[in-house]
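Remarks on the structure that follows.
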Amino acid sequence: DQQVKQNSPSLSVQEGRISILNCDYTNSMFDYFLWYKKYPAEGPTFLISISSIKDKNEDGRFTVFLNKSAKHLSLHIVPSQPGDSAVYFCAASEVSAGSNYKLTFGKGTLLTVNP
Amino acid sequence: ETGVTQSPTHLIKTRGQQVTLRCSSQSGHNTVSWYQQALGQGPQFIFQYYREEENGRGNFPPRFSGLQFPNYSSELNVNALELDDSALYLCASSSGGQVNSPLHFGNGTRLTVT
């Protein structure tokens, strides 16, 4: 039973346009959400996070939106750059249960930004 | 600031053998977690160590075990290797005192079991 789902295995966008990566979750106990980026032969790199008490968090070109009622979050990258091409993982945890270290990951979305 | 380092980077073992993977946590981090990433999947939580004790475990059998040392480095041991253990093993560290401290991952050890 997958508790975190990324239904798009891949996404291709043009440089300068917006990239929108989506993530759905089923466990209502999740209260902390993160996005990681992974290049080949490297470990996942933390990008941005959001607590369930917020609905938006922004960091430069990256914005994460959280819709708790829909159990849905999305990552927006504007403007997209070729260097953003990587696999993006959505992850969630139950911080209030003391399990902030135990992340549940989606399967990832491969983003390709074309010059 | 030194990041999370893992060794070795690649390893080939035979079914039934035992393997030890090593991890040095990021400077200032006292908590280490281990994840298994199978091909085409997201990382899956194995267990976490804090103050040299296991304080959280995912859905992995007892033949997956670990250690944390006083300098916060860690080992992952897998006994009686099976073909399905072939995966990328990721170590992550964080500061246990901060509730929303994100995990910082190493580059992983690619284990192939033949």
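The values are calculated or read from the model by the stated rules, or taken from the named source; none is laboratory data. Predicted model only: the values in this text are computed from it and were never measured. Methodologically, a virtual Cβ is constructed for each residue, glycine included, from the backbone with ideal geometry; neighbour enumeration extends over all protein chains shown. Each accessible area value is taken on the protein alone, full model and side chains, heavy atoms only, with ligands, DNA and RNA left out. Shrake-Rupley method; radii C 1.70, N 1.55, O 1.52, S 1.80 Å.
I'd like the Karplus ³J(HN,Hα) series for the stretch A:3-18: coefficients 6.51, -1.76, 1.60, θ = phi - 60°, whole numbers in Hz, and an x wherever there's a Gly or Pro.
8, 10, 10, 10, 7, 9, x, 8, 8, 10, 9, 8, 3, x, 8, 8
With only Lys, Arg, Asp and Glu charged, each at its Cβ (+1 for the first two, -1 for the last two), find how big the charge dipole of the protein assembly as shown is about the Cα centre; round to the nearest 20 debye.
Using Cβ point charges on Lys, Arg, Asp and Glu, the protein assembly as shown gives about 240 debye.
Which net charge results when you count Lys and Arg as +1 and Asp and Glu as -1 among the other residues whose beta-carbon is under 13 Å from that of B:Ser74?
Overall, the nearby charge balance is -2.
Evaluated at 4 °C with a viscosity of 1.567 mPa s, what Stokes-Einstein diffusion coefficient in µm²/s does chain B have when Rh comes from the Kirkwood expression over alpha-carbon pairs?
Answer, rounded: 93 µm²/s.
Using +1 on the beta carbon of Lys and Arg, -1 on that of Asp and Glu, and nothing else charged, what's the dipole of chain A about the Cα centre, debye to 20?
For chain A, the charge dipole is close to 100 debye.
Mind jotting down a quarter of the surface of the convex hull over the alpha carbons of the protein assembly as shown, in square nanometres, one decimal?
12.4 nm²
Report, ordered by chain and residue number, the lysines lying within cross-link reach of A:Lys5, taken as a straight Cα distance under 28 Å and ignoring same-chain residues fewer than 8 apart.
Within the straight-line limit of under 28 Å, A:Lys5 reaches these lysines: A:Lys37, A:Lys38, A:Lys54, A:Lys56, A:Lys68, A:Lys71, A:Lys102, A:Lys107.
Given points 7 Å out from each Cα along the Cα-Cβ axis, report the B:Arg15 to A:Lys56 separation in nanometres with one decimal.
5.5 nm
Counting other C-beta atoms within 10 Å, and keeping those with at most 14, which DSSP coil GluC sites (Glu not before Pro) do you find in the stretch A:25-112?
Filter output for the stretch A:25-112: A:Glu42.
Taking 30 Å² as the minimum loss, tell me which residues in the stretch A:9-51 lose that much accessible area going from the chain by itself to the full protein complex (1.4 Å probe).
A:Tyr32, A:Tyr36, A:Lys38, A:Gly43, A:Pro44, A:Phe46
Normalising by the residue count of the stretch A:1-61, find the relative contact order in percent from Cα pairs under 8 Å and 6+ residues apart.
So the answer I get is 24 percent.
What number comes out for the charge environment of B:Leu103, summing +1 per Lys or Arg and -1 per Asp or Glu over other residues with Cβ under 15 Å away?
+1
Sticking with the crude label model, points 7 Å out along Cα→Cβ, report the distance from A:Lys107 to B:Arg110 in nm, one decimal please.
Going by the 7 Å Cα→Cβ label model, 2.2 nm.
Subtracting the Cα-Cα distance from 0.36 nm times the residue separation, let me have the gained length for A:Asn67 to A:Thr45 in nm, one decimal.
Gain on extension, A:Asn67 to A:Thr45, equals 5.5 nm.
Note down the relative contact order for chain B as a percent, whole number, built from C-alpha pairs under 8 angstrom at least six residues apart.
It rounds to 36 percent for chain B.
At what distance in angstrom do the alpha carbon centres of the stretch A:16-63 and the stretch B:1-74 lie from each other?
Taking the Cα centre of the stretch B:1-74 as reference, the centre of the stretch A:16-63 is 23 Å away.
Per-residue mean of other chain beta-carbon atoms within 10 angstrom of the beta-carbon, peptide B:45-57?
2
What quantity of accessible surface, computed with a 1.4 Å probe and excluding non-protein components, is buried in total between chains B and A, in Å² to the nearest 100?
1600 Å²
Evaluate the relative contact order of chain A (contact order divided by residue number), counting alpha-carbon pairs under 8 angstrom at least 6 apart; express in whole percent.
Contact order relative to length: 36 percent.
For a quick check: with amide H placed at 1.01 Å from N, whose amide H comes under 5 Å from B:Thr31's, ignoring anything fewer than 5 positions away on the same chain?
Excluding prolines and chain starts, which carry no amide H, the hits are B:Ser94, B:Gly96.
Using the charge dipole of the stretch B:3-76 (Lys, Arg: +1 at Cβ; Asp, Glu: -1 at Cβ; taken about the Cα centre), state which of B:Thr31, B:Pro61, B:Phe45 has its Cα farthest towards the positive end.
The residue sitting most towards the positive pole is B:Pro61.
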